[in-house]
1. Is it the case that K143 is basic (K, R) and at pLDDT 95 or above?
2. Do you know which residues across the stretch 121-164 are under 19 Å from P20 (Cα atoms) and among the polar types (S, T, N, Q)?
3. For the stretch 132-187, enumerate the residues that are over 20 Å from R80 (Cβ atoms) and hydroxyl-bearing (S, T, Y).
4. Considering each of G79, G50, G14 in turn, give the residue that is over 13 Å from S218 (Cα atoms) and not polar (S, T, N, Q).
5. Could you check the stretch 228-243 and list, in sequence order, the residues that are within 22 Å of F119 (Cβ to Cβ) and either of a type in the set (S, T, N, Q) or touching a residue at least 40 places away in the same chain (Cβ under 8 Å) (or both)?
6. Just to be sure I understand the filter: pairs with C-beta atoms under 6 Å, separated by 6 or more residues or on different chains, first member in the stretch 121-135 and touching a residue at least 60 places away in the same chain (Cβ under 8 Å) and of a type in the set (F, W, Y), second member surrounded by fewer than 17 Cβ atoms within 10 Å (Cβ to Cβ) and assigned to a helix (DSSP H, G or I). Which pairs pass?
7. For the stretch 1-51: of the residues being polar (S, T, N, Q) and surrounded by 19 or more Cβ atoms within 10 Å (Cβ to Cβ), which is modelled with the lowest pLDDT?
8. For the stretch 122-140, what are the residues that are of a type in the set (G, A, S) and under 13 Å from I167 (Cβ atoms)?
Amino acid sequence: MTEFQAVVLGILQGAGEFLPISSSAHLALAPRVFGWPDQGLAYDVMLHVGTLLAVAVYFWKDWLKIFSDAIKRPAEKEGRLLWLLAAGSVPAGAAGLLLNHTAETVFRNPLWIGFNLLFFSVLIYLADRKPAQELEESSFSLKHALLIGLAQSLALMPGASRSGMTIMAALFLGYRRGAAARLSFLLGTPIILGAALMEARKISPEHLNAAFATGLASSMIAGLSCIWLIMAWLKKRTLAPFIAYRVALGAAILWMFWGNG
């Protein structure tokens with residue numbers, strides 16, 4: 001892998017992880033579209049570490065408070081948030097362990113990705129248009145954590161989008177768009193960490209080169225930029241531009257690969 005390829009993949013991962021457009025879809029398609037060799041699992045780990053650093057840097061104050069409250073006042077609403085996030089991470093973690101091979105093979109078929117982009121765009125659109133989106137993070141409960149966590153497990157399918165599924169579920173539950181995005185990123189942090197740790201053992205010293213470092217840095221920078229973008233955007237606007245992009249990309253993929261394998 002060249003440094004240029006690493007930068008492109010890092011940007012795709014950083015943007016797709018936090019915008020509801022599916023990073024896994026973009027990473028699966030990039031080698032086929034550009035004619036590049038598959039980047040391999042080691043570089044997938046590098047890209048996930050970049051986005052993990054991005055979400056950790058952006059929400060470091062939030063995580064400090066979450067851990068502090070969990071220790072100092074575990075019986076109160078604020079103190080239970082850490083355990084609710086942990087519970088909400090279980091469905092996606094279990095799905096990842098059970099379906100990891102399927103996700104890396106069957107789900108990466110371009111036609112499957114194109115269909116997922118289109119199908120889940122409809123669900124995201126319906127959630128985005130749902131009235132009475134008034135709940136704040138303070139309404140987060142075990143039931144909500146598990147429901148959003150179940151939606152997060154759908155992101156195993158490239159084209160669904162982890163942030164898209166969790167924001168969608170939170171909107172269906174009645175959360176404001178900004179609150180839905182924040183819960184999505186907080187809930188996604190343990191999953192991104194778990195994905196990186198699960199594959200980290202496959203990294204060997206020869207992988208630690210300039211392309212590896214460049215990809216990690218570009219993934220982190222793109223991730224930070226896109227977290228800031230989506231958090232600012234959803235304070236006053238809808239998900240319409242991202243839905244339109246998903247539909248256009250899904251249609252283009254089906255047009256390109258239908259009948260071509």
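1. Details: basic (K, R): yes; at pLDDT 95 or above: yes.
Answer is yes for this residue.
2. Selection gives S121, Q133, Q152, S153, S161, S163.
3. S153, S161, S163
4. Details: G50 fails: over 13 Å from S218 (Cα atoms); G14 fails: over 13 Å from S218 (Cα atoms).
Just a single option satisfies the conditions, and that option is G79.
5. Once the filter is applied, which keeps residues that are within 22 Å of F119 (Cβ to Cβ) and either of a type in the set (S, T, N, Q) or touching a residue at least 40 places away in the same chain (Cβ under 8 Å) (or both), the stretch 228-243 yields I230, T238, L239, A240, F242, I243.
6. Close Cβ pairs (under 6 Å, with a partner that is surrounded by fewer than 17 Cβ atoms within 10 Å (Cβ to Cβ) and assigned to a helix (DSSP H, G or I)) do not exist here.
7. Going through the qualifying residues, I end up with Q39.
8. Here is the first cut: in the stretch 122-140, the ones of a type in the set (G, A, S) are 127, 132, 138-139.
Selection gives A127 alone.
The values are calculated or read from the model by the stated rules, or taken from the named source; none is laboratory data. Quick caveat, the model's predicted, so the values are computed rather than measured. Glycine gets a Cβ as well: all are built from the backbone with ideal geometry, and neighbour counts include every protein chain shown.
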